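This report refers to the structure that appears directly beneath it.
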2 protein chains.
Amino acid sequence: MLKALKKKQKRKEKDLSGLFNPESVAVIGASHSELKLGGVVLKNLLRLKRRIRIFPVNPKFPRLMGIKAYPSVEGIKGKIDLAIIIRPAPETPSILEALTGKASCALVVSAGFAEAGQAGLQDEVLRTARKGGIILMGPNCMGVYNATTGLDTFILPPERLPRPRAGGTAIVTQSGAVLSLLFEGMAKTDMGVSITAHYGNAADIDESDIYEYLENDAGTEAVICYLESVRDGRRFIKRAKALSEKKPLIILKAGKGAAGQAAAFSHTGRLAGAYEVFHSVLAQYGIFEACDFEDLMDGALALSTQWKDLKHKNKNRNKNKKTSKGNRVLVLTNGGGAGVLASDECTRQGFEQPEIPPANLENFRKIFPPFYGMGNPFDLTAQGSDRDYLYILRELGDGLSFFDGFIIIALTAVTGITPALAGMLADFKKRTGRPMVLHTGQDEAGRELGREARKAGIPSFDTPERAVRALGHLLSW
Amino acid sequence: MLKALKKKQKRKEKDLSGLFNPESVAVIGASHSELKLGGVVLKNLLRLKRRIRIFPVNPKFPRLMGIKAYPSVEGIKGKIDLAIIIRPAPETPSILEALTGKASCALVVSAGFAEAGQAGLQDEVLRTARKGGIILMGPNCMGVYNATTGLDTFILPPERLPRPRAGGTAIVTQSGAVLSLLFEGMAKTDMGVSITAHYGNAADIDESDIYEYLENDAGTEAVICYLESVRDGRRFIKRAKALSEKKPLIILKAGKGAAGQAAAFSHTGRLAGAYEVFHSVLAQYGIFEACDFEDLMDGALALSTQWKDLKHKNKNRNKNKKTSKGNRVLVLTNGGGAGVLASDECTRQGFEQPEIPPANLENFRKIFPPFYGMGNPFDLTAQGSDRDYLYILRELGDGLSFFDGFIIIALTAVTGITPALAGMLADFKKRTGRPMVLHTGQDEAGRELGREARKAGIPSFDTPERAVRALGHLLSW
């Protein structure tokens, strides 16, 4: 039995379907009370959208939350795709021993391993799991939230950690705190999540394994990853490269400086490694890198909404290296100062802002009032209206070879700008396939325009500079 | 009469009280309809909290919005502190001529001057105003919002451009678009505004004049400034330095690169100048500089909430140059990953993160569970509670000489963190006078904690990195 499992594991590398899509789940340390972690997890599992077998394990109760409970792992008959272990760290090896031959994947929620100086205990856990042919996630992790199926192993109830809606963006994170920030950030811009994996200390399964699974996960269109450390650099590069050739992968590498690296070690017990090496590898293989948390969220929003449009124009791109498809941008604004700030950020990003082509300019001079600033930024002033934006983009449609990307600034404090602008912008973008980002105000009208734009596939940002930086990610796809 | 006015102007430099605090206001181009700019301005003025004399000028109506209207400027008897001109650009010189001898300040709202290639017309307007002894704001500007008195010359109604609450932070901006972004940003963090000045093309009054006024404005405690260009560098430095010795002044200089400079010119018709010179001058005189819009808002929030606490410790600071008071910070977190991200930003900012002093560490080891990460970041893990933060800060209170500033990260997705933490943090900060910033989640509990913290004088930020960058401003005060 053991041999067969091992063989199976070898043949298929690590088959993570038991982890992300189990048919049967055991909860070792399940509880009757939602005040306890084992109760939260059980309750979350009972919320599943489709019926799977659930085996709560607790020697004190014959039933838990309305279903049969088991006094020990030994009492469970049948196969366990996923065993969730919510017991004190020192008990973990013996639990894994008991799971041998029964379980194919185990999720160790408890902390108190390498991150707390108990590297020996973590090694023992890994050895026991390997010996038992059990794929291990964690320890020190929250595990999996699969928004498509509703599978939810988190130790936090939705009231404390609201889950984002189901959608196409996967999250791979070493940190639970960052996971909660990511969820909040996604909810704010109505991004949808496919699979979320918080893999903690990564004794066995690490980011590379999860990348490999996501590569072929039909529900995942883009991947956000928060990383502190990489164990097997060669494998990481191979898997990250393979994944990012199929769908955009954006990585925030934390633990860059000495202080951050020390913090990362005490956090997950893994060495963060030299950041410079990591950075140059990502750049070499065209994998997106975020410089901080905000850039991660903004980049993910831009990439998840527009990568499909961009894909077709890049059909023939070099498979080994994503080269920039151009850096010439147009800033089209109805606020002078916002246009200047966007231009400053364009300069910092190394973008060019070419002049409006003379033929187009001649036409613009005929129909627009003389106080419009017809340079780049093109400043419609507070008099600008929806149809001005549309007219300019349509007119430039013929001379599209002049611009690689578009930064639209539409402040709603003035009259003339309505939520209908979102649809107009989206039409243009769909027709041309050029990346486009929006900056609008945070007043009520601005928020509505931003929402409409995001729905239509134009990511919207709170400041001019953030919009420009997000465009930077799109231009490098 | 003319001579007398000129003499008065010379004696008192520019007396801007007529602009910011007028007893009588004429609106040239007033309208009966709020669909017209002249109607919006009149309506805004009628909302004033105290009675002042208002003279609407419009040849077509004997009364406007319930008060007597005047067919022309000539018909107005008595002194006009402030004349607001909302007529097409070419009419402005003759209106200013008619105002000569009657008005002490004029606000030219209309665009169509230097920013639109009509430098000659702008010169004529300036000459006419100077000849008439009239202090001129604009052209191409929205003018003044004095939240304390309610004076409001803006051409946008509050429904489209909600005004922030009254408070202690002044806004000086060359751009109306940026003004609307600033208002939205202030409302988001409940910052209060004292005086807002949008001075547009700055033909006469410029940032230096406004700085001089704000220096002695009792209601203003901190100043946010968005600048594209400076005309008289020497005077700017003198006034900025004088202002920033009394209250924090944070400046966002836009038009940094070639594209931004061109945009700035077409926006206000003034040359933006070499950014590097500007930057080094600000640094030399210890005037705060923001690197982008978000940094401007975050820095302003930090400085406006904490500068008074910081002031006392800096009583003896060098008046000519604000030197950094230290760069040793403690990151105290209940989220490992968030602590790592904060540490990375600390490294980028050049902060040090010293180890916990051994005597304190010994005490912490006695009372905290072994899985707490007792380094810097100090990681309370998801088990951390309000009282843990309090205990650590109190304990370190004796060894305060080890840390110059505190970055508190308190994520609310876990139990143990409550809004009561805000008060505890504020008590510590008040007692020690050390700068402190907070990063918390954006879930409901996090937003409440953030609000409570801001009320108690601890600025709260949406991402770990933004909190660290904001602390950077406080540490350089």
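Brief remarks on what is shown
- On the stretch given as region B:138-191, residues that are more than 10 Å from chain A (Cβ to nearest Cβ), farther than 17 Å from B:Phe20 by Cβ and β-branched (Val, Ile, Thr) total 1.
- Scanning region A:149-162 turns up at least one residue that is buried (at least 20 other Cβ atoms within 10 Å of the Cβ), part of a loop (DSSP other than H, G, I, E, B) and either assigned by TED's automatic domain parsing to the domain that holds A:Ile76 or without any contact (Cβ under 8 Å) to a residue 24 or more places away in the chain (or both).
Quick grid of which residues meet (1) closer than 25 Å to B:Tyr213 by Cα; (2) under 30 Å from the mean Cα position of the chain (by Cα); (3) in the same structural domain as B:Gln174 (by TED's automatic domain parsing):
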residue: B:Arg63; (1), (2), (3): no, no, no
residue: B:Ile67; (1), (2), (3): no, no, no
residue: B:Pro88; (1), (2), (3): no, no, no
residue: B:Ala98; (1), (2), (3): no, no, no
residue: B:Gly101; (1), (2), (3): yes, no, no
residue: B:Leu107; (1), (2), (3): yes, yes, no
residue: B:Gly112; (1), (2), (3): no, yes, no
residue: B:Gln122; (1), (2), (3): yes, yes, no
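- Exactly one residue out of B:Phe368, B:Phe378 is assigned by TED's automatic domain parsing to the domain that holds B:Lys430, within 36 Å of the chain's Cα centre (by Cα) and among the aromatic types (Phe, Trp, Tyr), and it is B:Phe378.
- Where strands (runs of 3 or more DSSP E) sit wholly within region A:192-305, those with at least 1 residues that are in contact with a Gly (Cβ under 8 Å, 6 or more places away or on another chain) and within 14 Å of chain B (Cβ to nearest Cβ) occupy A:193-198, A:222-227, A:288-290.
- Candidate set: region B:444-477, residues that are in contact with a Ser or Thr (Cβ under 6 Å, 6 or more places away or on another chain) and part of a loop (DSSP other than H, G, I, E, B); chosen: the one farthest from the other protein chains (Cβ to nearest Cβ): B:Gly457
- Of the residues making up region A:419-461, those that are modelled with pLDDT of 95 or more and among the hydroxyl-bearing types (Ser, Thr, Tyr) are A:Thr440, A:Ser460.
- Within this structure, B:Thr169 fails the test of being under 17 Å from the mean Cα position of the chain (by Cα), touching a residue at least 60 places away in the same chain (Cβ under 8 Å) and surrounded by fewer than 23 Cβ atoms within 10 Å (Cβ to Cβ).
- Positions within region B:376-430 being within 14 Å of another protein chain (Cβ to nearest Cβ) and of a type in the set (S, T, N, Q), in sequence order: B:Asn376, B:Thr381, B:Gln383, B:Thr412, B:Thr415, B:Thr418
- Test: A:Phe428 is over 22 Å from A:Gly336 (Cα atoms), over 28 Å from the mean Cα position of the chain (by Cα) and in contact (Cβ under 8 Å) with a residue 24 or more places away in the chain: no
- Candidate set from region A:15-55 (those that are of a type in the set (Gly, Ala, Ser) and within 21 Å of A:Gly78 (Cα to Cα)); member that is surrounded by the most Cβ atoms within 10 Å (Cβ to Cβ): A:Ala30
- Of the criteria (1) within 12 Å of chain B (Cβ to nearest Cβ); (2) in contact (Cβ under 8 Å) with a residue 40 or more places away in the chain; (3) of a type outside the set (A, V, I, L, M), which one A:Gly373 fails: (2)
- Test: residue in region B:350-366 that is closer than 27 Å to A:Pro90 by Cβ, within 11 Å of chain A (Cβ to nearest Cβ) and in contact (Cβ under 8 Å) with a residue 12 or more places away in the chain: no
- Candidate set: region A:225-266, residues that are without any contact (Cβ under 8 Å) to a residue 12 or more places away in the chain and surrounded by fewer than 18 Cβ atoms within 10 Å (Cβ to Cβ); chosen: the one nearest to the chain's Cα centre (by Cα): A:Arg234
- Check on B:Val109, within 14 Å of another protein chain (Cβ to nearest Cβ) and among the β-branched types (Val, Ile, Thr): yes
The values are calculated or read from the model by the stated rules, or taken from the named source; none is laboratory data. Predicted, not measured: the structure shown is a model, and the values here were computed from it. Methodologically, a virtual Cβ is constructed for each residue, glycine included, from the backbone with ideal geometry; neighbour enumeration extends over all protein chains shown.
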